[in-house]
Amino acid sequence: MNAPRIPGNDYGVLSPPAPGAWEPRLPVSVVIPARAHQEKLDLTLAALAAQTYPSHLLEVIVVDDGSAPPLRLPEIVPDNTRLLRVPDGRWGIAWALETGTAAAGGEVIHRMDADIVACRDHVEAHMRWHHLADYLVVLGTLRFTAMAGTPPTASEVQIAVAKDRTDSLFDPDPDHGHDWIAELVAAHRDFRDAPSPLLHRVHVGATVSLPAALLKAAGGMDTSLRLGEDTELGYRLTQTGAVFVPDAEALGWHLGTTTAMRRPGEVRRHNDPFIADRVPYRRNLRSEGGRQWLVPYVDVVVDARDASFEDVRASVDGALASTLPDVHVTLTGPWASLTGERRAPLDDPLLDLRLVHGQYAHDGRVSFVERVPPTSLPAPFRLTCPAGWVPGAESLAMLIRQADEDDEGLLLVALEENGSGVVAARLERTAAVARALRLARDGESLDDVIADLYGATWLDAESWRFRPTAAAYPVWATDRNREAVRWRAEAESRRREAERAQRQVTALKSELKELRAAAAKGSRDTVRWKEKAEQRRLEAVALRQAQERSLLRRAARRLRGLTEGPAG
């Protein structure tokens, strides 16, 4: 396939055909992990028996994960349907999927849960995308039903799906659904603008399809996981350069609710430690200091081949002293040449290499390889740092923040210029390199492809706090644990001060509330006395006016008496 170049996750460059308006050619294997609930499985298989995708290109593999009694294939199933069982001693969804995909013959693996009733063109809607590019992960859209009342029979399901009347089978459950996925997709322009750290979040396993070769490149299922296997696989698929396509036309019914809906708190509590160890993007789950993790956030590569011990040590120690808690260092060199035959220790031609190995041989954060693989999968970032240049404590965190601002694939930090050209440190996004390796043409510069698909930027050493060994080491070097303890004590002291300040603020707020209440009461009293005073004033004015009128009347009577004289 001449795969099209999709920048980031913007699959809008593809034009999928409408269902029924194209000619399929890729075989697909629908793998269904199942445990108990035979009645739901029967409906799932009946719906698959009525799909529009050509039956000769469709196989269905049901994998029984230790059901008691064992599951069976019902009467209504697709033409090419098999029932397998998870091998003895193995259990869980991940093992069921691994068992099914190992037996699958399709170029595309479509994982579907055993409680899904797919609409008539559900599989076809998925597959139209896979005919356009071979690095897509397609996700279906589900509506949930509580299955109130008597459920339909398998025959009724097959007939309704075949007549494209799937909506008539069930009533929607208004209280449950994947609304969070819909909101996430809508917030990022149908997920076309979704940044790399977000992609894996929509990878839920109920109905998802991907090329079998892409699944293999990602490493298959993590069979050590009992829950959260879909999230973890979604993360690794991101690192292979996969593009995630949520298809609103690949519709289906989910029969009942999921465990995550019924017991969300317990599911999160169970999954968090395992996801934290395997998915570096979940930064909120890696808040503890002094920890090592299964999958690092960034792999720092230092070539020790032709460098001095002092230069290599400075670069490695600078990387390990990063403020990021999940850094791994990979040292490249001819380590196999460090044999144990007799030698003159101080005149050993491999002395520097031997000193480097002795310095870090027992540090769990450092590994030794002859050469690095093309990408740092499953780590999401790789920093290649020339020996003799030391990243500052904040350099790695700053570079990753910069890369994530625009989801850039490559940052180049210009360190110096010599006769061979510009010496640079390289921060590579694993997903971008993997995508570029897949799509680069013969003779084409990999960096140019990365820049085209994800973007690339040159930076300067001073702003990003890279310094040469002579300027950085050992002036900055300290006991890392002692420093960690000191800063933790400092943080705890500041926390106690903050708590005291908060208590004082709370007390002041309470006092202020009381004063305001007293002031308000005083204001009300003032108004009341003002009203009384005004009433007394008005009464006094009225009394004075009454007195004046009374005096005037008496004076008038006297005046009349004087003018009229005595009667007679």
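The values are calculated or read from the model by the stated rules, or taken from the named source; none is laboratory data. Every value quoted in this text rests on a predicted model; they were computed, and no experiment measured them. Because the Cβ atoms are built from the backbone with ideal geometry, glycine has one as well, and the counts that use them run over all protein chains shown. Each accessible area value is taken on the protein alone, full model and side chains, heavy atoms only, with ligands, DNA and RNA left out. Shrake-Rupley method; radii C 1.70, N 1.55, O 1.52, S 1.80 Å.
Worth a mention:
- The Cβ shell under 12 Å around Trp129 holds other residues with a net charge of -3, Lys and Arg each +1, Asp and Glu each -1.
- For segment 312-464, convex hull volume per residue from C-alpha positions, Å³: 146 Å³
- Less than 5 angstrom separates the built amide H of Phe244 from those of Val137, all sequence-distant by 5 or more or on a different chain.
- The chain, helix-only ellipticity at 222 nm - DSSP H runs n ≥ 4, -39,500 (n - 2.57), divided by all residues, nearest 500: -13000 deg cm²/dmol
- Per-residue extension of 0.36 nm, minus the Cα-Cα distance of Arg554 and Thr150, leaves a gain of 135.0 nm for this segment.
- 1.4 Å probe accessible area per residue over segment 1-120, in Å²: 43 Å²
- 5 angstrom amide H check on Ser67, placed H, neighbours 5+ away: Ala36
- Unit Cα scatterers, Debye sum, the chain: log10 I(q)/I(0) for q = 0.12, 0.13 Å⁻¹: -1.17, -1.28
- Theoretical FRET efficiency, 1/(1+(r/R0)^6), r = Cβ-Cβ of Glu490 and Trp180, R0 35 Å, to 0.05: 0.35
- Note: segment 1-115, Cα convex hull, 133 Å³ per residue.
- Counting only residues at least eight positions apart within a chain, or on another chain, the lysines with an alpha carbon under 27 Å from that of Lys530 are Lys513, Lys521.
- Each Lys and Arg adds +1 at its Cβ and each Asp and Glu adds -1 at its Cβ; summed about the Cα centre, the chain shows a dipole of about 4640 debye.
- All lysines inside 27 Å of Lys40 as judged from Cα atoms, apart from same-chain residues fewer than 8 positions distant: Lys163
- Three-way shape call for segment 90-169 based on the alpha-carbon gyration tensor, with the a/c threshold at 1.5: oblate
- Computed on the Cα trace of segment 235-378, the radius of gyration divided by the Kirkwood hydrodynamic radius gives Rg/Rh = 1.16.
- With both residues required to sit in the chain, DSSP beta bridges show an antiparallel share near 35%.
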